[in-house]
């Protein structure tokens, strides 16, 4: 997979509006090929996308890893911290982890923060 994941800071209502908009497009026969992830507050988004985690995402995008141990070694970082970062990024939907290894499926991350 490649492309962009769109990150938002907003409410459940904002998520619902995006879902309804996509639903209406599908009803009209328009193909939808977009991925959105909404954080309910800026603090959660910023902690999820810390500088070390962004560096990890970039690294994994270019060099998928077989496992956390191999990833920690290639990054020159502590296994425990890399494991925590991978778990957080998988939970957020920014990394994929399965029997084939650890992958970053997106080429770019686009963020949007609502001020209202």
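The values are calculated or read from the model by the stated rules, or taken from the named source; none is laboratory data. Only a predicted model underlies this, so the values are computations on that prediction, with no experimental measurement involved. Don't worry about glycine lacking a Cβ; one is built from the backbone with ideal geometry, like all the others, and counts go over all protein chains shown.
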- Would you pick out the residues in the stretch 65-95 that are on the phi < 0 side of the Ramachandran plot and modelled with pLDDT under 95? 91, 92, 94
- Query: Can you name every residue in the stretch 7-24 that is part of a strand (DSSP E or B) and either at pLDDT 85 or above or loosely packed, with under 10 Cβ neighbours inside 10 Å (or both)?
  - Reply: 7, 9
- Message: Within the stretch 26-44, take every residue that is surrounded by 13 or more Cβ atoms within 10 Å (Cβ to Cβ) and more than 17 Å from residue 106 (Cα to Cα) and give me the one that is farthest from the chain's Cα centre (by Cα).
- Response: 40
- Note on the structure: By residue number, the members of the stretch 75-102 that are under 16 Å from residue 54 (Cβ atoms) and in contact with a helix residue (DSSP H, G or I) (Cβ under 7 Å, 6 or more places away or on another chain) are 75, 82, 85, 86, 88, 89, 92, 94, 95, 102
- Task: Give the stretch 25-47 a look and list any residue that's assigned to a helix (DSSP H, G or I) and in contact (Cβ under 8 Å) with a residue 12 or more places away in the chain, or say none.
- Result: 42, 45
- For the stretch 48-70, which residues satisfy the criterion of being without any contact (Cβ under 8 Å) to a residue 12 or more places away in the chain and touching a helix residue (DSSP H, G or I) at 6+ places or on another chain (Cβ under 7 Å)? 63, 69
- Message: If a residue counts only when it is under 22 Å from residue 7 (Cβ atoms), which helices (runs of 4 or more DSSP H) contained entirely in the stretch 48-116 have at least 3 such residues?
- Response: 51-62, 79-92
- Item | Candidate set from the stretch 98-115 (those that are over 12 Å from the mean Cα position of the chain (by Cα) and within 19 Å of residue 36 (Cα to Cα)); member that is surrounded by the fewest Cβ atoms within 10 Å (Cβ to Cβ) | 115
- Query: Out of the residues in the stretch 53-85 that are under 16 Å from the mean Cα position of the chain (by Cα) and exposed (fewer than 13 other Cβ atoms within 10 Å of the Cβ), which is farthest from residue 14 (Cα to Cα)?
  - Reply: 62
